[in-house]
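Have a look at the structure below before the remarks.
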Amino acid sequence: MYHFIQKMHSGWAYLVLLLLIIAIINAIMGLSSKKQFTDKDRKIGLFALIATHLQLVIGFVVYFVSPFGKAALGQMSDAALRLTSLEHPLINIIAIALITIGWSKHKKTSDSTAKFKSFAIFYGLGLLLILSRIPWKLWF
């Protein structure tokens, strides 16, 4: 069971990264071309938001059934265990919170430039944090 959920978490991560990159590129293109924010732009941001939240839920399941999760918290001297049991979950929760803030900020404004800017900044920061704490050795 654990291995299936862990593989699902790893596989879904590719989709999350792809959707975040698409949303960020779309926001940067919208900012640079000063185009109108459309329903298509909203859906791109929404799909990235939904994918990241689903990844978070799957990650919580992995964390609580994993031998590398909360049981490894007492072994902070081991860098690999610290990454999987503390740094990866904590930083990714912060990243998803930033992405959610970007989504919320875009809804509170009617200006297209501000909407694209919210997506570009907050989704971009979230993506950078996610990339910084992916356990690359376990992922590939």
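Restricting the search to the stretch 91-111, which residues are of a type in the set (Val, Ile, Thr) and either modelled with pLDDT under 90 or over 19 Å from the mean Cα position of the chain (by Cα) (or both)?
At the first step, the residues of the stretch 91-111 found to be of a type in the set (Val, Ile, Thr) are 91, 93-94, 96, 99-101, 109.
If the condition is that a residue be of a type in the set (Val, Ile, Thr) and either modelled with pLDDT under 90 or over 19 Å from the mean Cα position of the chain (by Cα) (or both), then Thr109 is the only one that fits.
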- line: Counted residues in the stretch 39-54 being among the aliphatic types (A, V, I, L, M) and in contact (Cβ under 8 Å) with a residue 40 or more places away in the chain come to 4
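From Ala114, Ala120, grab the single residue that is buried (at least 18 other Cβ atoms within 10 Å of the Cβ) and either at pLDDT 95 or above or of a type in the set (Phe, Trp, Tyr) (or both).
On the way: Ala114 fails: buried (at least 18 other Cβ atoms within 10 Å of the Cβ).
After ruling out the rest, the residue left standing is Ala120.
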field: Residues within the stretch 62-90 that are under 19 Å from Val16 (Cα atoms) and either part of a loop (DSSP other than H, G, I, E, B) or at pLDDT below 80 (or both), tallied
entry: 1
query: Are there any pairs with C-beta distances below 9 angstrom linking a residue in the stretch 124-140 that is farther than 15 Å from Ala23 by Cβ and surrounded by 12 or more Cβ atoms within 10 Å (Cβ to Cβ) to a residue that is modelled with pLDDT under 95 and polar (S, T, N, Q), with the two at least 6 apart or on different chains, and if so which?
result: Pro135/Thr84; Leu138/Gln6; Leu138/Ser10; Leu138/Thr84
- request: Give the residues of the stretch 123-140 that are more than 14 Å from the chain's Cα centre (by Cα) and modelled with pLDDT of 95 or more, sorted by residue number.
  value: none
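When you scan the stretch 74-82, do you find a residue that is over 21 Å from Gly126 (Cβ atoms), touching a residue at least 24 places away in the same chain (Cβ under 8 Å) and touching a Leu at 6+ places or on another chain (Cβ under 9 Å), even just one? Walk me through it before giving the result.
Taking the stretch 74-82 and keeping what is over 21 Å from Gly126 (Cβ atoms), we get 74-82.
The next check asks that each one be touching a residue at least 24 places away in the same chain (Cβ under 8 Å); those that pass are 80.
Next, from what is left, pick out any that are touching a Leu at 6+ places or on another chain (Cβ under 9 Å): 80.
Yes: the stretch 74-82 contains one or more residues that are over 21 Å from Gly126 (Cβ atoms), touching a residue at least 24 places away in the same chain (Cβ under 8 Å) and touching a Leu at 6+ places or on another chain (Cβ under 9 Å).
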message: Every residue in the stretch 8-30 that is over 21 Å from Ala95 (Cα atoms) and either buried (at least 18 other Cβ atoms within 10 Å of the Cβ) or not aliphatic (A, V, I, L, M) (or both), please.
response: Gly30
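Going by the structure shown, is Gln55 among the polar types (S, T, N, Q), touching a helix residue (DSSP H, G or I) at 6+ places or on another chain (Cβ under 8 Å) and surrounded by fewer than 14 Cβ atoms within 10 Å (Cβ to Cβ)?
Answer is no for this residue.
Pull up the stretch 21-38, narrow it to residues that are without any contact (Cβ under 8 Å) to a residue 12 or more places away in the chain and aliphatic (A, V, I, L, M), then point me to the one that is nearest to Leu131 (Cα to Cα). Don't jump to the end; show me each part of the working.
So the first thing to find is which residues in the stretch 21-38 are without any contact (Cβ under 8 Å) to a residue 12 or more places away in the chain, and the list is 25, 29, 32-33, 38.
Still in the list and also aliphatic (A, V, I, L, M): 25, 29.
Values: Ile25: 16, Met29: 22 Å.
Among them, the one singled out is Ile25.
The values are calculated or read from the model by the stated rules, or taken from the named source; none is laboratory data. Keep in mind that what you see is a predicted model, and the values were worked out from it rather than measured. Reconstructed Cβ throughout: ideal geometry from the backbone, glycine too, with neighbour counts over all protein chains shown.
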